[in-house]
Amino acid sequence: MSTSQIGTTQQALDPIFQNQSSFTHTTLPQATQALTGVPTYVAGQRIYSTTLQQGLPTGGFVQFKSYDQYLNENSPGDNYNPASGGYLQLSGQIPLFQGRGVAVNARSIRVAVNNKISSRDTFRSQLESVVANVVNQYWDLVSAGDTLKSRRDAADIAAKFYEDTKSQINLGTLAPVELPRAAAELEARKQDLSIAVSTVRQQEASFKDQLTRIPDPEIEAAEIVTLDRLEVPAEDNLPSLRELLATAMKKRPDMAISKIRDANSDISSIGTKDSLQPTGIAYGRYYDRGAAGTPQVVPGEPTSPYFSGGYGRTLGQIVRNDFPTEYGGFYFQTPIGNRVAQGDYGVEQLQLKQGDVSSMRDRNAILVEISNEMIALKQTRARYGTAVDGLKLQQQLLEAERNRFSFGTGTISAVVIAQRAVVTAQTTLITAGSAYVRAKAALDKALGETLEVNKISLDEALSGNITRESKIPEGK
């Protein structure tokens, strides 16, 4: 997320330290000795300048500066040679109109803090998507396992029916022509079982790919044993649509990011509005000078012991405030019309209004999404209940046909049809259960509760370390 640069230039609030040291050696030929008194002028100079500046959150800045200059010449006319001159300076300025106030000058810091929070919410959104995908992959694996179990049971039933058919043929109560039908049914159920085994292995491989990032032969060879089963409650006991919307607005990471984005826009607009004001700056400076050096005998130019010495003498004069200088002033400027700033302000106000409309549109979209997920959850639960009743009915019909067949009043065709109907009903039940848990996961994601429902810690995800011990729940 970028920070708008339209509006008042923000004061740098981090302290700035600057030092400049220069060393100069000069040798100059003198065509005339009237100024220096020597045919060749030789000088050595050292300058040390150190500045520390601190921006103020209310606007403007305060600056402290230390300056010292050392000069050593071969000119015989200098009263003090070498000589040292320096000063300590305290200066500052503060805006009175444009750029004044904490809100204007600290807006970039507030935006940066918000962006840090937004980055966390962005990560949370990505984590929720990953977890939701893993949850769906897990339930697909559970569904594949349940399908495998039902196919194995169907194969066992077909095998027992095949053996019963052979027994009745051996007893002479059934014509041998009926055996191929029972055998064909057994082979069909074995083929379904083989397909179910392959599906489970494919789902295991896909699930492992979601959980691992580094190839591990042991994990690749391991078999995954699921501890959960597809269970659909009789009732969901969902709160009202408006209550679920309030939950989503509070917990969804994209809504948190949207609120931060709107807040950043409002914060940045402070600078645009501030640029409409005229420029007015009050400034002032206070500094003390000092000077000292080694006295030299120059005819007609006596020296004073007050200036005799080195940098320590200079610093003492500065500290004693012997040669103070103060000045201050006020600067004012205002454009006539200020149309550029007015245009920027108008454009940004329109953008803020567009942001409000976009937020309302997002809110309505979330309301529709939650409503659709609630309807989908209710529909899948209803289909699951119908599938349960349908399976019970088909199992009763199969049992009845098997009893009729065992007493010689039924036919193999009827038993085979009943067996296939049971297999179809089992598939319908598993599909309905899988659709329900997927709808429940989708509703959790729509509400922003994916991590909470699956007991995923955002802090652990950020650190990459899981502090909790993994244990199999009791009763599993």
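The values are calculated or read from the model by the stated rules, or taken from the named source; none is laboratory data. Computed from a prediction, not measured in an experiment: that's the story for all the values here. Every residue, glycine as well, gets a Cβ built from its backbone with ideal geometry; the counts of neighbours run over all protein chains shown.
Conditions tested, residue by residue: (1) in the same structural domain as ILE430 (by TED's automatic domain parsing); (2) surrounded by 13 or more Cβ atoms within 10 Å (Cβ to Cβ); (3) within 29 Å of the chain's Cα centre (by Cα).
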residue: GLY343; (1), (2), (3): no, no, no
residue: GLY346; (1), (2), (3): no, no, no
residue: SER359; (1), (2), (3): yes, yes, yes
residue: ASN372; (1), (2), (3): yes, yes, yes
residue: TYR384; (1), (2), (3): yes, yes, no
residue: LEU393; (1), (2), (3): yes, yes, no
residue: ARG402; (1), (2), (3): yes, yes, no
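When GLY284, GLY328, GLY293 are checked against the criterion of being buried (at least 17 other Cβ atoms within 10 Å of the Cβ), in contact (Cβ under 8 Å) with a residue 40 or more places away in the chain and not in a helix (DSSP H, G or I), GLY293 stands alone in meeting it. Can you say whether LYS250 is assigned to a helix (DSSP H, G or I), outside the structural domain of SER434 (by TED's automatic domain parsing) and more than 30 Å from GLY433 (Cβ to Cβ), as far as the supplied structure shows? Here the answer is no, as LYS250 does not meet what is asked. Checking SER470, SER406 one by one, the residue that is among the hydroxyl-bearing types (Ser, Thr, Tyr), modelled with pLDDT under 85 and over 30 Å from THR212 (Cα atoms) is SER406 and no other. Residue by residue through segment 133-164, note down the ones that are within 30 Å of THR450 (Cβ to Cβ) and among the hydrophobic types (A, V, I, L, M, F, W, C). Once the filter is applied, which keeps residues that are within 30 Å of THR450 (Cβ to Cβ) and among the hydrophobic types (A, V, I, L, M, F, W, C), segment 133-164 yields VAL134, VAL135, TRP139, LEU141, VAL142, ALA144, LEU148.
Every residue, every condition in (1) under 26 Å from SER268 (Cα atoms); (2) within 45 Å of the chain's Cα centre (by Cα), yes or no:
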| site | (1), (2) |
| --- | --- |
| GLN11 | yes, yes |
| TYR41 | no, no |
| ARG46 | no, no |
| PRO57 | yes, yes |
| GLY60 | yes, yes |
| TYR70 | no, no |
| TYR80 | no, no |
| SER91 | no, yes |
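Only one entry of ALA144, ALA155 meets the criterion of being over 21 Å from ALA418 (Cα atoms), without any contact (Cβ under 8 Å) to a residue 60 or more places away in the chain and in the same structural domain as ASN454 (by TED's automatic domain parsing), and that entry is ALA144.
Condition (residue is closer than 24 Å to ARG152 by Cα, in contact (Cβ under 8 Å) with a residue 60 or more places away in the chain and not charged (D, E, K, R)) applied to segment 373-390: is it met by at least one residue?
First, pick out the residues of segment 373-390 that are closer than 24 Å to ARG152 by Cα: 384-390.
Of the ones still in play, those that are also in contact (Cβ under 8 Å) with a residue 60 or more places away in the chain are 384-385.
Narrowing the set further to residues that are not charged (D, E, K, R) leaves 384-385.
Yes.
Hey, any hits in segment 208-221 for a residue that's within 19 Å of ASP146 (Cβ to Cβ) and either out of contact with any strand residue (DSSP E or B) (no Cβ under 8 Å at 6 or more places or on another chain) or outside the structural domain of ASP140 (by TED's automatic domain parsing) (or both)?
Pass one, segment 208-221, residues within 19 Å of ASP146 (Cβ to Cβ): none.
No, the conditions are met nowhere in segment 208-221.
Considering (1) more than 30 Å from VAL38 (Cβ to Cβ); (2) of a type in the set (S, T, N, Q); (3) crowded, with 16+ Cβ neighbours inside 10 Å, the lone condition that SER129 does not fulfil carries the number (3).
Taking the criterion of being modelled with pLDDT of 85 or more and either assigned to a strand (DSSP E or B) or surrounded by fewer than 16 Cβ atoms within 10 Å (Cβ to Cβ) (or both), the residues of segment 260-281 that qualify are ASP262, ALA263, ASP266, PRO278, THR279, GLY280, ILE281.
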